[in-house]
Amino acid sequence: MLKVLLALVLALTTYGFDIDSKTNVAVYWGQNSAGGQTRLRDYCTDEVDIILLSFLYSFPSNLQIDFANQCSDTFSSGLRKCDNIGEDITYCQNKGKVVLLSMGGATGAYGFSNDAEATTFASTLWNKFGGGSDDERPFGDAVVDGFDFDFEQNVQTGTAALGNGLRAQFAKDSSKKYYLSAAPQCPYPDASVGQLMENVELDFAFIQFYNNYCNLGTNFNWDTWQDYATNTSPNKDIKLYLGQPGGVTGAGSGYNSMSTVKTYIDKIKGSANFGGLSFWDASQAFANIANGENYAQQAKDALGAVDDSKAVATTSSSSTKVSTTSTSSTKTSTTSTSTTSTSTTSSRASTTSSSTKVTSSSSSSSTKSSSSSSSATPTVVTTSSSTPTKNSSSSSSSSSSSSSSSSSSSSTSTSLAPIVTTSLDTEPTDDAVTIKTTETQHNSIETTKTVQGTPHVLTITNIHTPTTITTVRYVGTTTIIATKYNDPPDM
């Protein structure tokens with residue numbers, strides 16, 4: 001009975017993305033700016049909340065995507081076929097990450113002749129990458145969570161029409177939340193996406209405070225962007241992200257140590273629309289190590305994520321009917337690739353329009369594992385929670401959620417991975433169970449399980465390193481979540 005109970009609650013529990021948090025970190029992935037880029041799932045760690053796949057760089061005609069060394073297969077039309085990326089999109093979404101497809105880049109062949117062409121292209125995007133259908137879907141059954149406008153060619157024809165067209169497409173699918181974002185340069189208004197930002201409801205703006213006069217410094221113009229959010233944006237709740245290079249070579253100018261970035265965070269974090277930090281790009285941020293932490297982990301610390309982040313858990317009880325919808329279709333396969341390709345889009349390493357080409361190769365393999373759970377709905381009694389990080393143990397979500405805050409002490413930063421199965425060594429006399437957990441920021445130090453007043457041993461089985469520290473904790477009423485802590489991947 002208790003095994004069924006735990007399996008059910010774990011299957012119905014997921015850490016959701018909290019759009020209202022001021023501690024989110026977004027990274028652009030795909031252009032291998034620093035070299036050594038590995039597959040997408042390797043970057044879906046605890047310190048990352050939003051991943052932007054870069055780029056869809058040629059459209060509306062001759063549709064083309066490019067992810068440097070991570071996709072080389074093609075459809076008959078010549079469009080890239082990226083099965084591994086599709087699998088990893090699902091993996092990341094199951095961990096509570098938002099995955100957006102970024103369009104544009106500093107170089108590329110894109111743009112519209114009129115609004116009608118842009119509106120038609122919204123349907124193409126929906127069918128090939130969103131919730132629609134098409135014979136050629138580069139990510140297979142995986143469905144991205146939305147689209148990012150990284151237009152940088154100082155031409156704005158059709159941008160607002162495309163944004164509104166995408167919103168119309170999103171309305172066709174009520175099973176999940178879809179997002180739109182833009183990546184403007186910090187000079188306001190932006191010459192490429194200014195009209196989009198004034199006429200379309202955007203959820204995020206990943207503002208590039210680098211390669212510009214308004215970098216962090218005396219000309220830093222955050223107040224101008226906050227004024228835009230308050231008085232101009234159609235979405236008054238748009239979240240503004242402080243965009244930075246992820247490493248020294250990530251931009252021609254504007255890189256700062258995290259200690260410097262934090263001084264600016266402290267100044268602007270109180271602004272109404274502040275959402276967090278964004279980095280170009282993931283390969284830079286993960287290779288940029290200081291005091292044992294990569295740049296994204298440093299960002300989480302600087303944002304005060306341990307104190308401020310909120311874990312959102314979907315729950316069920318015996319009296320509530322739960323309707324769950326997977327954020328994306330899951331494919332089970334094992335794939336090994338070894339490719340060498342040249343990036344055709346910009347690494348944003350300079351302010352010029354010339355492309356920085358990156359050539360590298362990688363080999364990776366992955367087995368997508370999933371498990372099913374019983375339909376029973378037992379009652380779980382809990383008392384409090386401790387949730388220093390975001391993570392997910394399931395691809396399902398429900399329409400109701402509860403949240404709790406975190407309070408924990410400092411420790412060495414690590415990454416998270418989901419537990420596959422959990423069980424107790426004995427079965428309870430009825431469905432009541434209490435799980436109490438005490439933990440530091442990143443390491444479990446004590447776990448007590450009580451079933452009808454009797455302690456029981458919790459056995460955790462996982463498909464990763466069996467010697468890693470594990471912890472079980474609960475988040476809100478009728479919810480149990482299991483996670484394991486392990487070292488971040490070598491970069």
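What follows draws every value from the coordinates through simple rules; no lab data is involved. In this text, all values refer to a predicted model and were calculated from it rather than measured experimentally. FYI the Cβ positions are ideal-geometry reconstructions off the backbone, even for glycines, and counts take in every protein chain you see.
Based on the mean of other Cβ atoms within 10 Å per residue, sort peptides 64-71, 175-182 so the most packed one is first.
Working: 64-71: 24.9, 175-182: 20.1.
Highest-to-lowest ranking by the protection proxy: 64-71, 175-182.
Would you mind calculating the gained length between residue 168 and residue 219 on full extension (0.36 nm times residue separation, minus the Cα-Cα distance), in nm to one decimal? Walk me through the numbers on the way to the answer.
Details: separation 51, 0.36 × 51 = 18.36 nm, distance 3.82 nm.
Full extension of this stretch gives 14.5 nm more.
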When you count, for each residue, the other Cβ atoms within 10 Å and take the mean per peptide, how do 131-142, 239-250 rank with the highest first?
-> 239-250, 131-142
Quick one: which residues, 5 or more positions from residue 207 or on another chain, have an amide H under 5 Å from its amide H? H modelled 1.01 Å from N in the peptide plane, none for Pro or chain starts.
-> 241, 243
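List 268, 289, 85 from most exposed to least, where exposure is judged by having the fewest other Cβ atoms within 10 Å. Numbers along the way, then the final one.
Working: 268 17, 289 14, 85 25.
Ranking 268, 289, 85 by Cβ neighbours within 10 Å, fewest first, gives 289, 268, 85.
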